[in-house]
Each structure stands twice: as structure tokens, then as C-alpha cells.
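The values are calculated or read from the model by the stated rules, or taken from the named source; none is laboratory data. Source: prediction; values computed, not measured. Cβ atoms come from the backbone with ideal geometry, glycine included; neighbour counts cover every protein chain shown. Protein only, heavy atoms only, side chains kept; ligands, DNA and RNA dropped before computing areas. Shrake-Rupley method; radii C 1.70, N 1.55, O 1.52, S 1.80 Å.
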Amino acid sequence: MKFGVFDQNDRSGLPLAEQYENRLVLAELYDRLGFHCFHMSEHHGTPLSTTPSPSVWMAALSQRTRRLRLCPLVYLLPTYNPARLYEEICMLDHLSGGRFEFGIGRGASPHELDALGIDSTKAAKMYAEAFDTIQHCVTQDSVTTTGEFWSLNDYAVEMKPLQRPRPPMWYAVGSPDSVVWPARNGVNVVCGGQVSRVRAISDRYREEMAAGSLHSGSSPLIGVNRYIIVGETDRDAHEMGRKAWPSFYDNFIKLWRKHGTQPVNAKLPPSFDQLVESGHAIAGSARTVTQILSDQVALGGLNYVIGSFMFGTMPHAEAAASIRRFAESVMPAVKAAETVAA
């Protein structure tokens, strides 16, 4: 059982330099407290993310941490020249001393791609072509491709990642049917939603992994993302969430509102209480969070939990205290509960 971190780094109202430094200090804290991996998203033209370049942010994190693994979740492949992205992946793997991982996707918001001048209706084809090109770069010393969107002409692959043949990969899944490819290829997955749907996804992943006779050095991670607040009391934790969530929700929904649309998959409620009721957020004392999270891990068939501990206007000091409580009290208790259940 492992625990990671997910941070949208949405606009908090602080000057960006101050917000960045606060987040780097939190990354150092995650590193000291034994979290497995730091994950982040990629978004453009929206206050949902003040770090739209994952590679730049990962490079900074690589120099402020020593053990924490680092993983964009996900790189939006339609926005990159695939050879250049491959080079950035190699750089980050070496800069971090082999702690780099990466996720791949086509993007959840068509509005972000359209704003960048990318035809969102072609995103799936662009994603597939870019990933195929990156795979060629991993396995070949010279790459020539002729594609609809990108072409390489005797591109010399002068760099290889530190982790061979490549760093671990991640994929965000929204349904049991979407786990077939990652399960057959040993790719780690993360999902959200109700526990019943999460269990359907984890069961299908293991079925497909067994059917594909996958053999790897370690078991792929099947994770869930949850907003987590650990307060001194249940009331304190819920109040923290109620204060911070409205700003985050406004950042999340702003671009969708602008275009008069709604998210297709990653829908979130406008109130923190609704978020807790849905199971997407877990807030309370260490004892309460341990009980709820242990139940979700067991019912969901999970071996990885990714916590969003900082969002919206949550004060830095309050977030740091919540993170410490989670690491010192909740993490060991959930691990112990899983061991007993196993």
C-alpha cells in the first residue's frame, strides 16, 4: 500500500512567486514524510493550474526533493512535438536521479486545446501518433516517421532515460473498459468516482493483467484520487474544506462556464459537503479519515491512494498540519488495516 500526492496548483490569490515557494516547501515536506510520488495535471488558459508546464515544475521539484518520485498526470500529448517531449522525459529522469514517471493523455477539456489552436476533434488521433513516435524514440537510435501531425527525418536519439527501457508510465481511467491497454502493458492507473465504480475498474484491471500473462518486477499501482483533510477534530477539517473549496470550484468550472458546457467525466459538486457525501473527499480527525479511507481501500481493491491535500484558498500552515497528521497517523493505520485484511 502506497500513498501519493496530487496537486492542481490552482490559483489561490497569492502572488505566483509566493504560491510557488509554498508549494515547493510542501514538496519538501512530502519528501520527508515518506510519500511515494508527487503527481500534477496539465491545464492551459485556466486558473485551475498555475503550473501549465509540467516539465518546468518537475525540474524544480527534482532539485528540492531526494526520495519523492515525480509524475505528470498527464502530459497532454496533442500539445507536444513528441521528439521534444521524449527529450524532456529523458532530462527529467536524469535530473531526478531516476525518480521520474509520466502519464499520457489527450486532454479532458476540448476548450483548452481549441484555445491553443489545436483541433480538439483530432485529439485522439494526435495522441495515438505522438505516443507511437515516443515509443520509437525509446527503442531506436534513429527515427524517421511520416505522420499526419508530426514527422521526424532521421532524428538522432542521442538521449536515453536513466530508467531503462523507460520510466514507469501512468494512465487515467474512467471505466472498466478503459483499463485493457494499461493492464496488458503494466501501466499504472488512477481513477476517481464512487467506490463501486472504482472496484469494477480494479477488478477488470487484474483480470486483464492475468489474461495477458503480464510479468514485471513489481505490481502495477491501481490508485484513486481523493481530496483529503485531516484536522484536530471532524469539525475543524470540514470547516477547512468549506472555506477553501469555493475558490477551487470556481477555478475548476470557469472555462466550462465560459463556453456554456459541463465536464464530461471529471464532474465536481459546487459545495464541499456534497464532495464529502459523494466519497470524493474525506475530511475529519485522524481516526475518522483512517476509518473511511481504510473502507474505501478495501472495497475498491486499491493499492495506492493519491491525496489532494492543498487546494483553493487553503492557508499553507493549515495544509501542512493536515499533511503531517495524515502521514504520521493515517498512513500507518491504513497500511496496518490492509495487512490485517490481506
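In whole angstrom, note down how far apart the Cα centers of the range 74-124 and the range 47-61 are.
Spelled out, the Cα-based centre of one part sits 12 Å from the other.
Quick one: helix 82-95 against the long Cα principal axis of the chain, what's the angle to the nearest 10°, folded into 0 to 90?
Taking Cα atoms only, the helix is inclined about 60 degrees.
With a sphere of radius 9 Å drawn around the Cβ of residue 76, what net charge do the other residues whose Cβ falls strictly inside it have (Lys, Arg +1; Asp, Glu -1)? Write down the numbers at each step before the final one.
On the way: positive: 106; negative: 42, 112.
The answer is -1.
What number, rounded to the nearest 500 deg cm²/dmol, is the helix-based mean residue ellipticity at 222 nm of the chain, given -39500 (n - 2.57) per DSSP H run of at least four residues and division by all its residues? It would help to have the intermediate numbers written out before the result.
Details: 12 runs with 156 residues, N = 342.
Counting only the DSSP helices, I get -14500 deg cm²/dmol.
Given a Förster distance of 25 angstrom, what is the FRET efficiency for residue 287 paired with residue 194, based on the Cβ-Cβ distance and rounded to 0.05? Mind dumping the intermediate values first?
Values: r = 24 Å, r/R0 = 0.94.
Efficiency for this residue pair is about 0.60.
Once you order the gyration tensor axes a ≥ b ≥ c over the Cα atoms, which shape class does the range 183-335 get: rounded for a/c under 1.5, otherwise prolate or oblate by comparing a/b with b/c? Before the final figure, lay out the partial values.
Details: a/c = 2.28, a/b = 1.33, b/c = 1.71.
It is oblate, given that a/c is not under 1.5 and a/b is not larger than b/c.
Beyond a 31 Å Cα-Cα separation, which of these cross-linked pairs lie in this structure: 122/243; 160/254; 2/122; 2/160; 125/254; 160/258?
Where the Cα-Cα span goes over 31 Å, the pairs concerned are 122/243; 160/254; 2/122; 160/258.
So which GluC sites (Glu not before Pro) in the range 176-264 end up in coil per DSSP with only 13 or fewer other C-beta atoms within 10 Å? Display every interim value, and only then the final one.
Working: sites: 207, 208, 232, 239; in loops: 232.
Answer in residue order: 232.
Would the range 1-80 count as rounded, prolate or oblate if I go by the C-alpha gyration tensor, calling it rounded below 1.5 in a/c and otherwise prolate when a/b exceeds b/c, oblate otherwise? Spell out each step's value before the answer.
Numbers: a/c = 1.87, a/b = 1.25, b/c = 1.49.
Because a/c hits 1.5 or more and a/b fails to exceed b/c, the range 1-80 counts as oblate.
Using unit Cβ charges (K, R positive; D, E negative) and no other charged atoms, how large, in debye to the nearest 20, is the dipole of the chain about its Cα centre? Don't jump to the answer; show the numbers that get you there.
Numbers: 33 positive and 35 negative charges, 103 e Å.
Dipole magnitude for the chain comes out near 500 debye.
Could you please state how large a percent of the accessible area of the chain is carbon and sulfur, counting protein chains only and using a 1.4 Å probe?
52
If I stretch the segment between residue 256 and residue 329 completely, what's the gain in nm (0.36 nm per residue apart, minus their alpha carbon distance), one decimal? Don't skip to the end; give the middle numbers.
Numbers: separation 73, 0.36 × 73 = 26.28 nm, distance 3.81 nm.
Once the chain is fully extended between residue 256 and residue 329, it gains 22.5 nm.
Below 12 angstrom from the Cβ of residue 286, what's the summed charge of the other residues (Lys, Arg +1; Asp, Glu -1)? Show your work: numbers first, answer last.
Working: positive: 287, 324, 325; negative: 232, 234, 236, 328.
Once all neighbours under 12 Å are counted, the net charge is -1.
Pop out the ³J(HN,Hα) list for the range 69-78 in order, Karplus 6.51 cos²θ - 1.76 cosθ + 1.60 with θ = phi - 60°, rounded to Hz; leave Gly and Pro as x.
Karplus values, whole Hz, x for Gly and Pro: 6, 10, 8, x, 9, 9, 5, 7, 4, x.
Counting only the heavy atoms of the protein chains, how much of residue 79 is accessible to a 1.4 Å probe, in Å² to the nearest 10?
Around 40 Å² of this residue is reachable by solvent.
So if a site counts as exposed when it's one of the trypsin sites (Lys or Arg not before Pro), its DSSP state isn't H, G, I, E or B, and it has at most 16 other Cβ atoms within 10 Å, what's the longest stretch of the chain without one? Before the final figure, lay out the partial values.
Numbers: sites that count: 66, 67, 267.
Longest site-free region, per DSSP loop and neighbour criteria: 68-266.
For residue 67, what charge total do you get from the other residues with a beta carbon under 13 Å from its beta carbon, if Lys and Arg give +1 and Asp and Glu give -1?
Working: positive: 2, 32, 64, 66, 69, 99; negative: 28, 31.
Local charge sum for residue 67: +4.
Mind jotting down the three principal axis lengths of the range 189-276 based on Cα atoms? Whole angstrom, largest first.
Principal-axis extents of the range 189-276 (Cα, largest first): 48, 41, 23 Å.
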